[in-house]
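A quick write-up on the structure given underneath.
Just so you know, all these numbers are worked out from the coordinates, no wet-lab data involved. The structure presented is a predicted model; accordingly, all values stated were derived computationally and were not measured. Reconstructed Cβ throughout: ideal geometry from the backbone, glycine too, with neighbour counts over all protein chains shown.
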Amino acid sequence: MIPKTGPSFRPAAAALEALAAERILVMDGAMGTMIQAAQPTDEDFRGAAFARHDRALQGNNDLLNLTRPEIVRSIHEANLAAGADILKANTFNANAISQADYGLAYHAAEIARAGVRIARDAADAAMAAEPDRPRFVAGVLGPTNRTASISPDVDDPGFRNVTFDELAAIYRENADAAISGGADIVLVETVFDTLNAKAALFAVEESFEALGFRLPVIVSGTITDRSGRTLSGQTVEAFWTSVQHIRPFAIGLNCALGAEQLAPFVADLSRAAATRLSVHPNAGLPNAFGGYDETAEETAGFLGAWAQDGLVNIVGGCCGTTPAHIAAIRGAVDGIAPRCVPELAGDLTLSGLEPFNLAA
């Protein structure tokens with residue numbers, strides 16, 4: 001049990017756990033491709049605050065949290081209307097390393113906090129309209145554009161352009177901002193390098209210890225090709241083994257591949273993981289123009305089949321998925337029991353989870 005002196009969970013965690021025991025939860029869809037579809041201009045990204053900024057800001061989707069929050073809010077609202085239980089905040093690149101490319105590292109925490117706040121306000125408004133339907137907000141910690149395990153220089157395999165401590169520091173700022181913005185969940189997603197994820201999880205646990213309470217954590221890896229491995233070379237079983245010590249609320253897979261290509265690896269992870277399973281795939285593989293052609297019905301068909309096979313607890317969408325995809329996915333899993341995880345009956349439930357020992 002949680003020691004009286006250790007962090008306790010926020011009340012939303014109990015509601016999340018109870019709902020996850022009843023049915024398959026639905027996560028929302030893509031943010032980046034939905035923002036692209038809205039076609040924001042350079043002026044939209046800059047806003048008044050960054051009108052004179054000396055670097056190009058086009059494509060810095062997270063910055064819209066500050067300059068055009070209504071674009072982000074409208075995407076959240078569309079996903080809520082489609083039936084999403086969990087919103088992913090627009091904070092995938094709201095960290096100092098990613099924002100440094102735009103000369104905005106100093107604003108990373110502000111961007112992250114604003115992104116979670118937008119999702120929080122949208123979720124709260126939806127719950128006010130439908131009090132019997134809880135909605136949850138996940139503060140997203142993305143992978144950054146650096147890797148702690150692989151050298152970016154083919155002529156110097158021992159070289160690294162980032163250290164574990166540097167990653168932990170930026171993730172700590174990211175996590176603190178997401179939690180203060182009102183997140184119910186911390187989602188470490190699109191993990192291509194597990195050492196990066198370990199730095200994020202270390203930072204998240206430090207944040208929990210400092211703040212005096214915990215949030216459920218979801219860890220989601222990305223398989224880069226049909227070999228079934230992450231970029232840093234791990235199979236899904238090895239990925240689970242590497243992060244199971246933090247006892248995540250769920251572990252899963254997202255991005256890179258579509259559901260059809262992910263299917264065997266979802267089955268492998270479902271057999272290995274002693275916790276809930278979360279999957280939010282792309283809408284198929286990108287076409288020659290970088291777009292996504294898989295229809296809502298096609299994506300939902302794959303995820304519905306996984307649900308029928310008892311493989312999943314949380315489903316949603318990544319690149320190329322729209323609110324139409326989320327509505328179809330919701331319909332495909334409606335009434336199907338979530339994946340049964342007997343191991344969760346013991347000390348892996350939220351109510352029995354002890355804080356991770358940072359000194360271990």
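Shape of the stretch 1-104 from its Cα gyration tensor (a ≥ b ≥ c, root eigenvalues): rounded if a/c is under 1.5, otherwise prolate when a/b > b/c, or oblate? If you can, show how the numbers build up before the last one.
Numbers: a/c = 3.31, a/b = 1.70, b/c = 1.95.
The shape class here is oblate.
Remind me, relative contact order of the chain in percent, using alpha carbon pairs under 8 angstrom and six or more residues apart?
21
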Give the distance, in whole Å, between the Cα centre of the stretch 87-129 and the Cα centre of the stretch 22-37. 15
Most mobile listed residue (T322, T194, T33) in the chain, GNM with C-alpha springs under 10 Å: T33
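Is the stretch 214-288 best put as rounded, prolate or oblate by its Cα gyration tensor, with a ≥ b ≥ c the root eigenvalues, rounded for a/c under 1.5, and otherwise prolate when a/b is larger than b/c, oblate when not?
Numbers: a/c = 2.02, a/b = 1.64, b/c = 1.23.
Taking the square roots of the gyration eigenvalues as a ≥ b ≥ c, the stretch 214-288 is prolate.
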Given the options P134, A38, I218, identify the residue whose Cα lies farthest towards the positive end of the charge dipole of the chain (+1 on Cβ of Lys, Arg; -1 on Cβ of Asp, Glu). P134
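Restricting to the chain, what percent of DSSP beta bridges are antiparallel, rounded to 5? All intermediate terms of the calculation are to be shown ahead of the outcome.
On the way: 2 of 30 bridges.
Expressed as a percentage, antiparallel bridges in the chain total about 5.
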When you count, for each residue, the other Cβ atoms within 10 Å and take the mean per peptide, how do 231-241, 77-87, 36-46 rank with the highest first? 77-87, 231-241, 36-46
Rounded if a/c under 1.5, otherwise prolate or oblate - the chain, Cα gyration tensor axes: rounded
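Ranked highest first by the average count of other Cβ atoms within 10 Å around their residues, in what order do 115-121, 155-161, 312-318 fall? Don't skip to the answer; put the middle values down first.
Values: 115-121: 25.4, 155-161: 10.4, 312-318: 28.6.
Answer by packing, highest mean first, reads 312-318, 115-121, 155-161.
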